[in-house]
1. So, of the residues in the range 178-214 that are under 20 Å from residue 372 (Cβ atoms) and in contact with a strand residue (DSSP E or B) (Cβ under 7 Å, 6 or more places away or on another chain), which turns out to be surrounded by the fewest Cβ atoms within 10 Å (Cβ to Cβ)?
2. So, restricting to strands (runs of 3 or more DSSP E) that lie completely within the range 80-143, which ones have at least 3 residues that are within 30 Å of residue 178 (Cα to Cα) and in the same structural domain as residue 243 (by TED's automatic domain parsing)?
3. Which residue, of 248, 272, is at pLDDT below 95 and surrounded by fewer than 19 Cβ atoms within 10 Å (Cβ to Cβ)?
4. Could you say whether any residue in the range 376-390 is in contact with a strand residue (DSSP E or B) (Cβ under 7 Å, 6 or more places away or on another chain) and either closer than 30 Å to residue 210 by Cβ or in a helix (DSSP H, G or I) (or both)?
5. Restricting attention to the range 309-322, report how many residues are touching a residue at least 60 places away in the same chain (Cβ under 8 Å) and surrounded by fewer than 16 Cβ atoms within 10 Å (Cβ to Cβ).
6. On the given criteria, is residue 124 surrounded by 15 or more Cβ atoms within 10 Å (Cβ to Cβ) and either farther than 25 Å from residue 278 by Cα or free of Cβ contacts under 8 Å to residues at least 60 places away in the same chain (or both)?
7. Residue 344 is checked against (1) in contact with a helix residue (DSSP H, G or I) (Cβ under 7 Å, 6 or more places away or on another chain); (2) assigned by TED's automatic domain parsing to the domain that holds residue 210; (3) modelled with pLDDT of 95 or more; (4) closer than 24 Å to residue 240 by Cβ and fails just one. What number does that condition carry?
8. Please work out which one of (1) under 31 Å from the mean Cα position of the chain (by Cα); (2) touching a residue at least 12 places away in the same chain (Cβ under 8 Å) is the condition residue 19 fails and give its number.
């Protein structure tokens, strides 16, 4: 038996699974193990202790928060109604500090409408797109950018008039990648102009001495292998910027969703790196916009499925996309945070923007080699003329 007692003396009987650890049992009941001391027969037990059928264990909350109300709010969000497509959940704060739990089960039509409404509201509230804007969507062919393209097309009648084109950067495996083929087919089916930004744009801008498709695999064989993913993203974004600048396009829309942005903010908190505002971010002469900021990846998958009739399939990740593990950990934490605080993005993203308005304005400068805009970090060495990506490419002999 496992009895849990809070600071007010209220007790509940937990239902441990045979052989389960104390920590696992507590987590399963939405109780943080770090806030509980457990004992049996006068002995204090470690969280790793496996609960036996013949044991009478008592766990006492050692923090002073009202865990009963918190657990009740979480339970309220998990009440499922029927077998509908998606169970939407959120926990909000009322003005008096109380918790308000909300949940709704959505059928396919309601989910599709929710995505379109959320994208429209995000664009309008944050003024992401204005009359006459020329918008480029970075279309990789994955579910995020694909769902964004579909949603923008769905929402066009409710938005200011703007031009839209889809651009896929010529990745090292574009010719054989199923996601590339999906990107082309999706844009064609939606009647949206589709282009390929050639890798030669980046090869010229960065002064590479070999094809870009050879650089990243070779970089993975060096001591800077953990930087390959960042360089991949950096060169892709720069390729999209160069394409946009050559066509007079003023905005780039990317399919970053809630977890992407929360993970980035966790990285900022953990490392001290400055991060620009969301979901609208000025980078050089281009405005980056993130219309999916308040949507989860699972929602995007379901939206894509209900709109296209098939689930989006991802190609096997490149070796550099599986590292570095600290970035993977931020994503894991961002997803776990949404499990315990559904709807937290409404607070975290907004508070990040408010904080930026109060602090010293962020400053940037152009890289002396590739021309990309660098956000100046408070701990960057003075007089640094090139971005870190260009320095690494030079260090390993990839530049002329």
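The values are calculated or read from the model by the stated rules, or taken from the named source; none is laboratory data. None of these values were measured; they are calculated from a predicted model. Methodologically, a virtual Cβ is constructed for each residue, glycine included, from the backbone with ideal geometry; neighbour enumeration extends over all protein chains shown.
1. 209
2. In the range 80-143, the matching strands (runs of 3 or more DSSP E) lie at 134-138.
3. The conditions single out 272.
4. So far as the range 376-390 goes, yes, one or more of its residues are in contact with a strand residue (DSSP E or B) (Cβ under 7 Å, 6 or more places away or on another chain) and either closer than 30 Å to residue 210 by Cβ or in a helix (DSSP H, G or I) (or both).
5. Total meeting the criteria: 5.
6. Considered against the rule, which asks whether it is surrounded by 15 or more Cβ atoms within 10 Å (Cβ to Cβ) and either farther than 25 Å from residue 278 by Cα or free of Cβ contacts under 8 Å to residues at least 60 places away in the same chain (or both), residue 124 comes out as no.
7. (4)
8. Result: residue 19 passes all but (1).
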